[in-house]
């Protein structure tokens, strides 16, 4: 059960998240749902994969989110000749000390931007596996903890583009959600010409939240209540992907956990200390689709993973009875939704 202090934390969450959202939307015009999903993944302790065609603002979104928070940020440009040690770091022999000294790689930051991640070889991509799941790096038998908070925001071009490698299944499964920005509306594109025509708005972007604020907000999200009916609903959705005839690989138990965490963060951003089935429904495609592998027949029929998840959502009964919210607290302050 949440307490009065927990609810006060949720109030702080919506206020801080609103500042970050406004800051990012000053750079990314006309895509409020994309910005909200980015915040949801951040507060759910996940990693975000931004996939779209070149030139629609994938890297701009990642940079805007990173610059809106006062924390350590490193950018990695993934290329075919990038080595795993460029990401994790390497031990170099110091002749004066006659000993090896560890030089940390670019992964040692609170927000890591992996630009065009699928242009590096699978060997290099695998250097991210330990850090994304266990938030640590092991080099030469020595384990190094990564800072907190820690988030990887990766961009990639569709695999049909030249010079790309498909991400391994194990790595795709470590991304909490995948989002596509899409082309802007004509009005948003006209506004972009006015804003971006002279100088980049990133140059004027200042941090509106501190890293320790984000850590507190993540702790507040953990207090969000999820009723058994909502948890069971998430399990049924994920389980349906494992038996669907159009899929040869369904979602993993990690996907269920990511879906639940994202639903809690979405509820908190909406000003609630309890998650609803609506939170699970709204995030199911973004959290599940990139983990699924359609069968060859489904690909011939042009069936996408997104379409399969949408079909599963339509077929799976939504819990409509029984308690889904935490017991009310009569003296709690009002919480303004984002």
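The values are calculated or read from the model by the stated rules, or taken from the named source; none is laboratory data. Values in this document were obtained by computation on a predicted structure and should not be read as measured data. Here the Cβ positions follow ideal geometry from the backbone for every residue, glycine too, while neighbour counts run over all protein chains shown.
When the test is whether a residue is outside any loop (DSSP other than H, G, I, E, B) and not assigned by TED's automatic domain parsing to the domain that holds residue 176, residue 284 passes it. The condition (being more than 20 Å from residue 110 (Cα to Cα), part of a loop (DSSP other than H, G, I, E, B) and either touching a residue at least 60 places away in the same chain (Cβ under 8 Å) or not assigned by TED's automatic domain parsing to the domain that holds residue 212 (or both)) is satisfied by just one residue among 149, 158: 158. Look at (1) surrounded by 15 or more Cβ atoms within 10 Å (Cβ to Cβ); (2) at pLDDT below 90; (3) within 22 Å of residue 201 (Cα to Cα) and you find that residue 90 fails only one, number (3). Take the residues of the range 251-280 that are assigned to a loop (DSSP other than H, G, I, E, B) and out of contact with any helix residue (DSSP H, G or I) (no Cβ under 6 Å at 6 or more places or on another chain): which is farthest from residue 11 (Cα to Cα)? Step by step, filter the range 251-280, then rank; the result is 252.
Taken over the range 170-188, the residue count meeting the criterion of being surrounded by fewer than 13 Cβ atoms within 10 Å (Cβ to Cβ) and assigned to a helix (DSSP H, G or I) is 2. If you take the residues of the range 113-134 that are touching a helix residue (DSSP H, G or I) at 6+ places or on another chain (Cβ under 6 Å) and not in a helix (DSSP H, G or I), which of them is farthest from residue 167 (Cα to Cα)? Only one residue tops the list, namely 113. When the residues of the range 286-338 are filtered to those that are modelled with pLDDT under 60 and either over 24 Å from residue 268 (Cβ atoms) or within 23 Å of the chain's Cα centre (by Cα) (or both), the one that is surrounded by the fewest Cβ atoms within 10 Å (Cβ to Cβ) is 321.
Scanning the range 122-145 for residues that are surrounded by 14 or more Cβ atoms within 10 Å (Cβ to Cβ) and farther than 17 Å from residue 43 by Cα yields 124, 125, 126, 127, 128, 129, 130, 131, 137, 139, 144. Looking only at the range 222-232, decide whether some residue is out of contact with any strand residue (DSSP E or B) (no Cβ under 9 Å at 6 or more places or on another chain), farther than 25 Å from residue 254 by Cβ and outside any loop (DSSP other than H, G, I, E, B). No; the residues of the range 222-232 include none that is out of contact with any strand residue (DSSP E or B) (no Cβ under 9 Å at 6 or more places or on another chain), farther than 25 Å from residue 254 by Cβ and outside any loop (DSSP other than H, G, I, E, B).
Which of (1) assigned by TED's automatic domain parsing to the domain that holds residue 19; (2) out of contact with any strand residue (DSSP E or B) (no Cβ under 8 Å at 6 or more places or on another chain) does residue 242 not meet, given it meets every other one? In the conditions (1) assigned by TED's automatic domain parsing to the domain that holds residue 19; (2) out of contact with any strand residue (DSSP E or B) (no Cβ under 8 Å at 6 or more places or on another chain), residue 242 misses (1) alone. Only one of the numbered conditions (1) within 19 Å of residue 83 (Cβ to Cβ); (2) under 20 Å from the mean Cα position of the chain (by Cα) is violated by residue 120, and that is (2).
Taking residue 109, is it more than 24 Å from residue 33 (Cα to Cα) and either in the same structural domain as residue 75 (by TED's automatic domain parsing) or in a loop (DSSP other than H, G, I, E, B) (or both)?
Yes, satisfied.
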